[in-house]
1. At pLDDT below 95 and not hydroxyl-bearing (Ser, Thr, Tyr), is that true of ALA345?
2. Which of the strands (runs of 3 or more DSSP E) contained wholly in the stretch 149-229 include at least 2 residues that are of a type outside the set (Gly, Ala, Ser) and more than 30 Å from LEU111 (Cα to Cα)?
3. Would the stretch 292-300 turn up any residue that is of a type in the set (A, V, I, L, M) and either within 18 Å of the chain's Cα centre (by Cα) or farther than 18 Å from GLY18 by Cα (or both)?
4. Looking only at residues in the stretch 169-205 that are open to solvent by 10 Å² or more (accessible area, probe 1.4 Å) and among the charged types (D, E, K, R), which one is nearest to LEU234 (Cα to Cα)?
5. Of the residues that sit in the stretch 69-94 and are open to solvent by less than 20 Å² (accessible area, probe 1.4 Å) and assigned to a loop (DSSP other than H, G, I, E, B), which one is farthest from the ligand (Cβ to nearest atom)?
6. Restricting to the stretch 303-320, name every residue that is surrounded by fewer than 17 Cβ atoms within 10 Å (Cβ to Cβ) and assigned to a loop (DSSP other than H, G, I, E, B).
7. Restricting attention to the stretch 30-45, which residues are touching a helix residue (DSSP H, G or I) at 6+ places or on another chain (Cβ under 7 Å), over 14 Å from ASP59 (Cα atoms) and not acidic (Asp, Glu)?
8. Just one of THR100, THR107, THR44, THR62 is open to solvent by 20 Å² or more (accessible area, probe 1.4 Å), away from the ligand (no atom under 14 Å from the Cβ) and touching a strand residue (DSSP E or B) at 6+ places or on another chain (Cβ under 8 Å); which is it?
Amino acid sequence: MQVVTRFAPSPTGSLHVGGARTALFCWLFARHYEGKFLLRVEDTDRTRSTPESIKTIMDGMTWLDLDWDNKDYGGRNYYSQYEQRGRHAEVAKAMIANGTAYYCYATPEELEAMRAEQKAKGLPQRYDCRWRDRPVSEAPKGVSPCIRLKAPQEGETVIEDAVMGKITVQNSQLDDMVLVRADGTPTYMLAVVVDDHDMGVTHVIRGDDHMTNTFRQVQIYKAMGWDIPTFAHLPMILGPDGAKLSKRHGAPAVSDYRERGYLPEAVCNYLLRLCWSHGDDEIIPREKAIEWFDLSGVGKSPARFDFVKLNSVNAHYMKEKPDAELAKLAAPFVSAKIGRELTDAEVELLAKAMPDLKPRAQTLVEIAEMSAFYFHSGAFVLDDKAKKILTPEAMKNLKELAAKMESLAPFTGEAAEDLFRKYAEEKGLKLGAVAQPLRVALSGSTVSPPIFHVAGLLGKEETLRRISAVG
Ligand code: GLU
């Protein structure tokens, strides 16, 4: 049997962390078993579904490198639930024909009165099956019927969930749900089952907020005599405070992580560890994740989102990345910081600076903050701390050193450092007394990457220009 999983987002907003984790687990499961991973957009809610949201979701998946295998629908690169509405209605008709569904002519007013009466009597409010066994010949004129499932009223429905284990519900708890509304539109419950069946989905992996829907969906599979897929419900993701992860915890959308300078492989690695584990392994690169991922590794308890851990995972992946690649990724963040595009030569300089930047940064945004000074032109605006370093004596030394640097050939960071060391020694000064003013002149700040490395990267001309710019 070929494994087929699907990710089925409703396009009513951005791709959130929970959705991304579901997509990742579905993708990994499919890749592990060399099966298929399909994307189905659940766009039946026409008022809330938007093309922008579909694009955002697909962009997020592409950024996370979660490629889907069904991309050809004649101009559309995803399966659209809405486009299948005719097929959903057809299945509902087939259920009427095989006696597992029926037309219900109860009007909204009637149902309202029924619920009010149940409420008054303290009974659970649910459809009382008034049309379940009534012949259509009794149908009132002018009322469009809905179609309801003739749900089993006795016995129980059992799900063997691959994560949650065996879960049982008494059929007496489930009423005859609507499959097709009076206006002819299929309900979500019917659409999901028909689509999963038609797409050949073998494993439905999704958030555990869908658990209660699953009982109802299983009844539809049974009514149609279709194979029931394996269900795997993933535990929730909580915020650091233990409440359900939401916007107020900061950055719940995948695009937010991208904008905050996280690498997609780090985000995937971090998401993978939310409710799934492989021993004590924390850093799990993609190939290992594909090799190791299985539903048996998914735990039953919710996971807490931990920004500190995400940062350390991101720092790890940044350190591992070749400098030139990381510089290309950081370049847009630097550009945003300095308000202009970097030239190719500047991106090369950034790559050369990387060994000094990446051990100290956790995100690309931090790299941009630490490296913006390399690309500064004109004079720096100095803060008080920096100004204090540039005493008249410090400036005098710096000018003398600048004159000596003028004749350094070749001009390298090591050669400059040598020169500063000798000078300090001769004058009986500590290296810091001459290096710190150089730092302020070259970086505009009292903290920077190793300053002689900076001088080497900036080159003689720019080093001297910056020194003369401070005084
Ligand atoms: N469209 C549903 C959602 O976004 C998912 C449905 C499913 O996975 O079965 O929550």
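The values are calculated or read from the model by the stated rules, or taken from the named source; none is laboratory data. Every value quoted in this text rests on a predicted model; they were computed, and no experiment measured them. With ideal geometry, Cβ positions are generated from the backbone for all residues, glycine too; neighbour counts draw on all protein chains shown. In case anyone asks, the SASA skips ligands and DNA or RNA and just uses the protein heavy atoms, side chains included. Shrake-Rupley method; radii C 1.70, N 1.55, O 1.52, S 1.80 Å.
1. Details: at pLDDT below 95: no; not hydroxyl-bearing (Ser, Thr, Tyr): yes.
Here the answer is no, as ALA345 does not meet what is asked.
2. Numbers: elements: 156-161, 165-170, 178-180, 203-207.
Result: 156-161, 165-170, 203-207.
3. Keep residues of the stretch 292-300 that are of a type in the set (A, V, I, L, M), which gives 295, 298.
With either within 18 Å of the chain's Cα centre (by Cα) or farther than 18 Å from GLY18 by Cα (or both) added as a condition, the list becomes none.
No.
4. By that ranking, first place goes to ASP198.
5. ASN70
6. Matches in the stretch 303-320: ASP306 only.
7. Scanning the stretch 30-45 gives ARG31, HIS32, LYS36, PHE37, ARG40, THR44.
8. Values: THR107 fails: touching a strand residue (DSSP E or B) at 6+ places or on another chain (Cβ under 8 Å); THR44 fails: away from the ligand (no atom under 14 Å from the Cβ); THR62 fails: touching a strand residue (DSSP E or B) at 6+ places or on another chain (Cβ under 8 Å).
Just one listed residue meets the conditions, THR100.
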